[in-house]
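S.K.: Please find one structure pasted underneath; my questions will follow.
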Amino acid sequence: MEDREKHAARIRKLNDQFRRGLPSPSRVPGRVVMTQGIQELTDDPAEPGKHLASLFEVVRTFEAFDETNDPYGEHDFGAFDFLGQRVFWKIDYYAPDMLHGSEDPTDLESTVRVLTVMLAHEY
């Protein structure tokens with residue numbers, strides 16, 4: 001396995017650990033944010049939290065990675081249909097100050113993952 005592949009494999013492992021721990025904190029530092037469109041889509045006054053929990057379950061268990069949505073093998077993006085809408089999730093890597101990108105997404109000390117869940121048309 002060449003260095004680039006090893007690097008991608010390490011990022012993939014950390015991204016999967018982070019994502020599979022949603023919405024609870026995991027050993028991989030990060031945050032989860034959602035757009036207003038997702039908030040509106042999952043808001044159900046009759047059963048608060050039901051749709052949001054279901055949405056997180058889909059993101060947490062997403063495995064439909066292929067060359068079109070995961071060209072670098074890092075498991076940092078997913079797309080699926082939910083409640084009649086196309087939904088995207090994306091993981092970005094920031095420095096701990098949240099002002100700059102992380103220089104090394106494999107380094108847990110210098111990287112904070114941010115997973116954003118959005119409607120496709122909000123991308």
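The values are calculated or read from the model by the stated rules, or taken from the named source; none is laboratory data. Keep in mind it's a predicted model, so treat the numbers as computed, not measured. Ideal geometry is used to build each Cβ from the backbone, glycine not excepted, and the neighbour counts take in all protein chains shown.
S.K.: Would you check which residues across the stretch 15-41 are assigned to a helix (DSSP H, G or I) and under 14 Å from PHE88 (Cα atoms) and list them?
M.R.: Of the residues in the stretch 15-41, the ones assigned to a helix (DSSP H, G or I) are 15-20, 36-41.
Once the filter is applied, which keeps residues that are assigned to a helix (DSSP H, G or I) and under 14 Å from PHE88 (Cα atoms), the stretch 15-41 yields ARG19, GLN36, GLY37, ILE38, GLN39, LEU41.
S.K.: Can I ask one more? How many residues does the stretch 90-109 hold that are β-branched (Val, Ile, Thr) and not in a loop (DSSP other than H, G, I, E, B)?
M.R.: Residues of the stretch 90-109 β-branched (Val, Ile, Thr): 91, 106.
With not in a loop (DSSP other than H, G, I, E, B) added as a condition, the list becomes 91.
Counting residues in the stretch 90-109 that are β-branched (Val, Ile, Thr) and not in a loop (DSSP other than H, G, I, E, B) gives 1.
S.K.: Looking at MET34, MET98 in this structure, which one is surrounded by 14 or more Cβ atoms within 10 Å (Cβ to Cβ) and over 18 Å from ALA8 (Cα atoms)? I'd like the intermediate steps shown before the answer.
M.R.: Working: MET98 fails: surrounded by 14 or more Cβ atoms within 10 Å (Cβ to Cβ).
Of MET34, MET98, the one residue that is surrounded by 14 or more Cβ atoms within 10 Å (Cβ to Cβ) and over 18 Å from ALA8 (Cα atoms) is MET34.
S.K.: To continue, here is another question. Would you check which residues across the stretch 101-123 are charged (D, E, K, R), under 17 Å from ALA9 (Cα atoms) and more than 9 Å from the chain's Cα centre (by Cα) and list them?
M.R.: Filtering the stretch 101-123 for residues charged (D, E, K, R) gives 103-104, 107, 109, 113, 122.
With the extra rule that they be under 17 Å from ALA9 (Cα atoms), the set shrinks to 103-104, 107, 113.
Correct list: GLU103, ASP104, ASP107.
S.K.: Okay, next question. Can you pull out every residue in the stretch 45-78 that is part of a helix (DSSP H, G or I), buried (at least 18 other Cβ atoms within 10 Å of the Cβ) and touching a Gly at 6+ places or on another chain (Cβ under 9 Å)?
M.R.: From the stretch 45-78, those part of a helix (DSSP H, G or I) are 50-61; that's our starting set.
Cutting the leftovers down to buried (at least 18 other Cβ atoms within 10 Å of the Cβ) gives us 52, 55-56, 59.
Residue satisfying the conditions is VAL59 alone.
S.K.: Of the residues ARG12, ARG86, which is surrounded by 17 or more Cβ atoms within 10 Å (Cβ to Cβ), under 16 Å from the mean Cα position of the chain (by Cα), at negative phi and modelled with pLDDT of 95 or more?
M.R.: Values: ARG86 fails: surrounded by 17 or more Cβ atoms within 10 Å (Cβ to Cβ).
Unique residue meeting the criteria: ARG12.
S.K.: Residues in the stretch 79-86: is at least one outside any strand (DSSP E or B), aliphatic (A, V, I, L, M) and touching a residue at least 40 places away in the same chain (Cβ under 8 Å)?
M.R.: Of the stretch 79-86, the ones outside any strand (DSSP E or B) are 83-84.
Among the residues that remain, those that are also aliphatic (A, V, I, L, M) are: 83.
After this cut, where a residue has to be touching a residue at least 40 places away in the same chain (Cβ under 8 Å) as well, the list is 83.
Yes, there is a match, as at least one residue in the stretch 79-86 is outside any strand (DSSP E or B), aliphatic (A, V, I, L, M) and touching a residue at least 40 places away in the same chain (Cβ under 8 Å).
Here is a yes/no grid of residues against (1) under 23 Å from LYS6 (Cβ atoms); (2) in contact with a helix residue (DSSP H, G or I) (Cβ under 9 Å, 6 or more places away or on another chain); (3) modelled with pLDDT of 95 or more; (4) aromatic (Phe, Trp, Tyr):
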residue	(1), (2), (3), (4)
SER26	yes, yes, no, no
ASP44	no, yes, no, no
LYS50	no, yes, no, no
HIS75	yes, yes, yes, no
TYR94	yes, no, yes, yes
